[in-house]
Amino acid sequence: MTKRVAILISGGGSNMVSLVESMTGDHPARACLVMANSENAGGLAKASALGMDTDFVDHRPFKGDRAAFEEVLHDRILQAQPDIVCLAGFMRVLTEGFVSKWQGRMLNIHPSLLPKYRGLHTHARALEAGDAYHGCTVHEVTPELDDGPILGQARVPVLEDDTPEVLAARVLEQEHKLYPAVLRRFAEGDRTPVKIGF
Ligand code: GRF
């Protein structure tokens, strides 16, 4: 049975595009919805151009009431009946209440080699620390931020003249390979971690 995948975005959606484009042919899953937390998320137009159903729930009118925002978000996602939810550059921190409804079938991509550098500004922090390597991680989402079981990692070298922007671009290239590879395995029921560049 082909698995249905809902993808949540906040911005440009380059990871969303790589996921949608990977789900073709004998892939065990198909994207069924691209959802954003803002009407202005650049990725919504890209998703429509790929023939995806799109939707958005603006978090701002909820004035910080995360549970109320998430209730509407949850109901909208449910309408698409996904088996798997992929967070792809979705920048709202989800509460335990929401996560517990999707636990074991919700993935996230984070631009660091977790457990290093949970949270924001991962590229600048890796440069400040003088790390030789950096990268990205796909993990299952649990109530703890950027903490769930790791399903894949891609590693890149940190180069002498790197700025956070240059390093971010090198990592993003790997994100576009790692997330589709992990999703394919996950949709087949295989949680063996994917490793790229190790
Ligand atoms: C990616 O680097 C992702 O790891 C992070 O936000 C960025 C989103 O990029 N969470 P995009 O919207 O998928 O292009």
### Message
Can you tell me which of (1) within 16 Å of the ligand (Cβ to nearest atom); (2) under 21 Å from Ile196 (Cβ atoms); (3) not small (Gly, Ala, Ser) is the one His27 doesn't meet?
### Response
(1)
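Quickly run through the stretch 127-146 and pick out the residues that are within 15 Å of the ligand (Cβ to nearest atom), out of contact with any Leu (no Cβ under 7 Å at 6 or more places or on another chain) and modelled with pLDDT of 95 or more.
Passing the criteria: none in range.
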### Summary
Cβ pairs under 8 Å, 6+ apart or interchain, first in the stretch 74-87 and assigned by TED's automatic domain parsing to the domain that holds Met52 and of a type in the set (D, E, K, R), second at pLDDT below 95 and surrounded by 15 or more Cβ atoms within 10 Å (Cβ to Cβ), ordered by first then second residue, are none
### Query
Is it the case that some residue within the stretch 149-167 is open to solvent by 60 Å² or more (accessible area, probe 1.4 Å), within 15 Å of the ligand (Cβ to nearest atom), closer than 28 Å to Gly25 by Cβ and of a type in the set (Asp, Glu)?
no
### Query
Do any residues in the stretch 174-198 that are touching a residue at least 24 places away in the same chain (Cβ under 8 Å) and within 17 Å of Met1 (Cβ to Cβ) have Cβ atoms under 6 Å from those of residues that are open to solvent by less than 20 Å² (accessible area, probe 1.4 Å) and of a type in the set (Gly, Ala, Ser), where the two are at least six apart or on different chains, and which pairs are they?
Ala187/Ala29
### Task
Could you tell me whether Leu50 is without any contact (Cβ under 8 Å) to a residue 60 or more places away in the chain and touching a Ser or Thr at 6+ places or on another chain (Cβ under 9 Å)?
no
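Considering Arg30, Arg76, which residue is under 18 Å from the mean Cα position of the chain (by Cα), surrounded by fewer than 18 Cβ atoms within 10 Å (Cβ to Cβ) and not small (Gly, Ala, Ser)? Even if it seems obvious, please write down each step before you answer.
Numbers: Arg76 fails: under 18 Å from the mean Cα position of the chain (by Cα).
Criteria check complete, one pass: Arg30.
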### Query
From the set of residues in the stretch 122-146 that are closer than 27 Å to Ile84 by Cα and touching a Lys or Arg at 6+ places or on another chain (Cβ under 7 Å), which is surrounded by the fewest Cβ atoms within 10 Å (Cβ to Cβ)?
Leu145
### Query
Quick one: how many residues across the stretch 33-63 are in contact with a Phe, Trp or Tyr (Cβ under 8 Å, 6 or more places away or on another chain) and loosely packed, with under 13 Cβ neighbours inside 10 Å?
1
### Message
Just to be sure before I move on: is Ser18 among the small types (Gly, Ala, Ser), open to solvent by less than 40 Å² (accessible area, probe 1.4 Å), modelled with pLDDT of 95 or more and part of a helix (DSSP H, G or I) in the structure I sent?
### Response
yes
### Summary
Taking the stretch 41-51 and the residues there that are away from the ligand (no atom under 13 Å from the Cβ) and not in a helix (DSSP H, G or I), the one that is nearest to the chain's Cα centre (by Cα) would be Leu50
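The values are calculated or read from the model by the stated rules, or taken from the named source; none is laboratory data. Fair warning: this is a prediction, and the values are worked out from it, not measured in the lab. When we count neighbours, we look across all protein chains shown, and the Cβ atoms used for this are built from the backbone with ideal geometry, even at glycine. Just the protein is used for accessible areas: all its heavy atoms, side chains included, with ligands, DNA and RNA removed. Shrake-Rupley method; radii C 1.70, N 1.55, O 1.52, S 1.80 Å.
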